[in-house]
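Here the structure is laid out as structure tokens; the discussion comes afterwards.
The values are calculated or read from the model by the stated rules, or taken from the named source; none is laboratory data. If you're wondering where the values come from, they're calculated on a predicted model, not measured in any experiment. Quick reminder, even Gly has a Cβ in these numbers, built from the backbone with ideal geometry, and neighbours come from all protein chains shown.
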Amino acid sequence: MRLSELKGEKALDALGEIIEPAVKIMQDPAVAAAARAGNTLEIVKIMCKDHKREVITMLAVLDDQDPATYEVGLLTLPAKLLELLNDPEVQKLFTQRGRTEGETPSGSASENTEGRKKQGSS
């Protein structure tokens, strides 16, 4: 089942269960590089090799199964992963607009601008 097909509380439950494994996968530098290159098959390869538990958890949740007992067949697995990665809702959820080259931040991320007094005011 696609994440985009889930509605209401079922969608919230699923999101709550898959967000942690999904973030762990997306924080993998190799996955990030493959995503920047637009290489979906490389992402699937890395997910299968380096993120087995996360993949099983996400697929089990989307198939409404228990991750502890979930099994997926060798020929079914790539199709399920491609379906997950191509789900528009998943793409929207986990796509971030990166800062473009040459763009400068508007200030220090740690700078506190609240409560500043103008000089000369009391």
If you check ALA32 against the conditions, is it buried (at least 16 other Cβ atoms within 10 Å of the Cβ) and in a helix (DSSP H, G or I)? no
If a residue must be at pLDDT below 90 and over 16 Å from PRO78 (Cα atoms), how many such residues does the stretch 37-55 contain? 1
How many of the residues making up the stretch 2-22 are loosely packed, with under 15 Cβ neighbours inside 10 Å, among the hydrophobic types (A, V, I, L, M, F, W, C) and touching a helix residue (DSSP H, G or I) at 6+ places or on another chain (Cβ under 8 Å)? 1
Can you list residue pairs whose Cβ atoms sit under 7 Å apart, with the first residue in the stretch 4-33 being at pLDDT below 85 and the second being loosely packed, with under 15 Cβ neighbours inside 10 Å? Count only pairs 6 or more apart in sequence or on different chains. SER4/PRO88; SER4/GLU89
What pairs come up if the first residue lies in the stretch 36-51 and is of a type in the set (Val, Ile, Thr), the second is surrounded by fewer than 19 Cβ atoms within 10 Å (Cβ to Cβ) and not in a helix (DSSP H, G or I), and their beta carbons are under 9 Å apart, counting only those six or more places apart or on different chains? ILE46/ASP28
Mind listing whichever residues of the stretch 42-61 are more than 10 Å from ALA22 (Cα to Cα) and β-branched (Val, Ile, Thr)? ILE43, VAL44, ILE46, ILE56, VAL61
